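What follows is one structure encoded as structure tokens, with my remarks underneath.
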């Protein structure tokens, strides 16, 4: 005569399965999201890199020595020609294009220890990207938002949201990044070409390389992703 499971045994088994699922599923989901963010970042970097190379060839400048600038409307619009389906960010449509950030509040990093790291900061209104002339950047057909600083002191700086204003998580270091687009800027870690010598020294000295700290800071994450080949933070 066969014997089946008792109700108590079934309930215990289901309870064990539930506990295991509660422990493992969040970890699996986090790992999946990080892989997705990394893939999106590397795709955006590749698109930007290819456009930079074509721009440098056509305008006889060198991306790596910092002689390719995007400091005014003409230069930004010329650069935008190397992307598909570009919608330029102008003074007229600036607020409309950035409206998605009001729906999905921005987090500057995983740290919540200071006002700078709090939610609700404006990606489009930060001092590096706010428009100072008619054109400050562009939104591509696949949803990437690239804003180029027009501050002469940071002429090769940029801020990129790899999936645009309307898609989350809108977290710096996840789908939003600062980086420089010329490799000659050695004193900063956040460089789209990878980790610089200066950044390596900062890491060794235990300071300045914010994305390498725990909990991580918003800056330098692009260089870390390139260096490590995955999102380890």
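The values are calculated or read from the model by the stated rules, or taken from the named source; none is laboratory data. From a predicted model like this one, the values you see are computed outputs, not experimental measurements. Every residue, glycine among them, receives a Cβ derived from its backbone with ideal geometry; neighbour counts consider all protein chains shown.
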Sort through 211, 221 and tell me the only one that's modelled with pLDDT of 70 or more and in contact with a strand residue (DSSP E or B) (Cβ under 8 Å, 6 or more places away or on another chain).
221
When you go through 18, 4, 66 one by one, which is the residue that is at pLDDT below 90 and at positive phi?
66
Condition set touching a helix residue (DSSP H, G or I) at 6+ places or on another chain (Cβ under 6 Å) and closer than 16 Å to residue 159 by Cβ, scope region 68-82, selection surrounded by the most Cβ atoms within 10 Å (Cβ to Cβ): answer is 70
Determine which member of the set 27, 31 is modelled with pLDDT under 90 and more than 21 Å from the chain's Cα centre (by Cα).
27
Breaking point among (1) in contact with a helix residue (DSSP H, G or I) (Cβ under 9 Å, 6 or more places away or on another chain); (2) under 24 Å from residue 53 (Cβ atoms); (3) part of a loop (DSSP other than H, G, I, E, B); (4) modelled with pLDDT of 75 or more, for residue 167:
(2)
Pair list, Cβ < 7 Å and 6+ apart or interchain, from region 40-52 residues that are without any contact (Cβ under 8 Å) to a residue 40 or more places away in the chain and at negative phi to residues that are buried (at least 19 other Cβ atoms within 10 Å of the Cβ) and assigned to a helix (DSSP H, G or I)
51/79
Residue 93: out of contact with any strand residue (DSSP E or B) (no Cβ under 7 Å at 6 or more places or on another chain), surrounded by fewer than 14 Cβ atoms within 10 Å (Cβ to Cβ) and free of Cβ contacts under 8 Å to residues at least 24 places away in the same chain, yes or no?
yes
I'm told residue 148 meets every condition in (1) in contact with a strand residue (DSSP E or B) (Cβ under 9 Å, 6 or more places away or on another chain); (2) within 22 Å of residue 91 (Cβ to Cβ); (3) at pLDDT below 90; (4) surrounded by fewer than 21 Cβ atoms within 10 Å (Cβ to Cβ) except one. Can you identify the failing condition by its number?
(4)
Which of the residues belonging to region 36-63 are surrounded by fewer than 15 Cβ atoms within 10 Å (Cβ to Cβ), assigned to a loop (DSSP other than H, G, I, E, B) and in contact with a helix residue (DSSP H, G or I) (Cβ under 9 Å, 6 or more places away or on another chain)?
62
